[in-house]
Amino acid sequence: MTIEQTPLEGCYLIKPAVFNDDRGYFFESYNQEKFDNLLGNNIRFVQDNQSYSVKGTLRGLHFQKGEHAQAKLVRVVKGEVLDVAVDMRPGSVTFGQHFSALLTESNQLQMFVPRGFAHGFVVLSDEAIFFYKCDNFYNKASEGGLHYADPTLNIDWKLPHDELVVSEKDKVLPYFEGTEAFF
């Protein structure tokens, strides 16, 4: 397992060691001890989530605030997504910046998104299965989000906006301006 610091403070790409042979492949997708050693801190995941989505589905940008903030370790089991993290931590040197990475079933990349970040993804393949671990339990009263088409963030979702499949809830999320108080 190797780790690469993204341009966002505390956000990492993680590449597992994949063992291929004529039967297919094997890899360890998560190992607490190795993960702690790579990150240099002690994250304990308490909840696993999985979603299935079709091409163009955009989920995000979501976060949990306050004592219910969540760090996430995300990966794609099937398909291809553009995964996006936005630093929402006032005082962070990368506050208000975003990073995106292509996560696919073939590259096996994972992204670690720390607490205090908004997170989302868009499906670029015909379908995708997206899996993620959270270090805190979901709390409906603490959920928040940012509008996917926020002009301040100017995220390139790699698909035209008229091809995006977005929930009604996500279409009315607030813009980045004024969200500093969330964290």
Where a residue in the range 149-169 is modelled with pLDDT under 95 and its partner, wherever it lies, is acidic (D, E) and in a loop (DSSP other than H, G, I, E, B), with Cβ under 7 Å and at least six apart | T152/E177
Filter the range 32-69 for residues that are polar (S, T, N, Q) and touching a helix residue (DSSP H, G or I) at 6+ places or on another chain (Cβ under 9 Å); the one that is nearest to N136 (Cα to Cα) is Q64
Answer yes if at least one residue in the range 17-30 is more than 19 Å from N139 (Cα to Cα), hydrophobic (A, V, I, L, M, F, W, C), assigned to a loop (DSSP other than H, G, I, E, B) and free of Cβ contacts under 8 Å to residues at least 60 places away in the same chain, and no otherwise.
-> yes
Can you spot a residue in the range 54-64 that is modelled with pLDDT of 95 or more and more than 22 Å from D150 (Cα to Cα)?
-> yes
Of the numbered conditions (1) farther than 23 Å from G66 by Cβ; (2) part of a loop (DSSP other than H, G, I, E, B); (3) touching a residue at least 40 places away in the same chain (Cβ under 8 Å); (4) not acidic (D, E), G96 fails exactly one; give the number of that condition.
-> (1)
Scanning for something at positive phi and in a helix (DSSP H, G or I), does the range 47-67 turn up at least one residue?
-> yes
Could you run through the range 121-156 and say how many residues are of a type in the set (A, V, I, L, M, F, W, C) and in contact with a helix residue (DSSP H, G or I) (Cβ under 9 Å, 6 or more places away or on another chain)?
-> 3
Of the conditions (1) out of contact with any Phe, Trp or Tyr (no Cβ under 7 Å at 6 or more places or on another chain); (2) closer than 14 Å to F63 by Cβ, the single one that G120 does not satisfy is (1)
When R89 is evaluated against the numbered criteria (1) assigned to a loop (DSSP other than H, G, I, E, B); (2) surrounded by fewer than 20 Cβ atoms within 10 Å (Cβ to Cβ); (3) modelled with pLDDT under 95, which criterion, by number, is the only one it fails?
-> (2)
Can you name the residue in the range 105-159 that is charged (D, E, K, R) and part of a loop (DSSP other than H, G, I, E, B) and is also nearest to Y175 (Cα to Cα) among such residues?
-> D150
Matching entry among K78, K72, K65 (being touching a residue at least 40 places away in the same chain (Cβ under 8 Å), buried (at least 17 other Cβ atoms within 10 Å of the Cβ) and out of contact with any Ser or Thr (no Cβ under 6 Å at 6 or more places or on another chain)) = K72
Which one is farthest from G40 (Cα to Cα), of the residues in the range 100-143 that are surrounded by fewer than 18 Cβ atoms within 10 Å (Cβ to Cβ) and of a type in the set (G, A, S)?
-> S125
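The values are calculated or read from the model by the stated rules, or taken from the named source; none is laboratory data. These numbers come from a predicted model, not from an experiment. For neighbour counting, all protein chains shown are included, and Cβ atoms are generated from backbone atoms with ideal geometry for every residue, glycine included.
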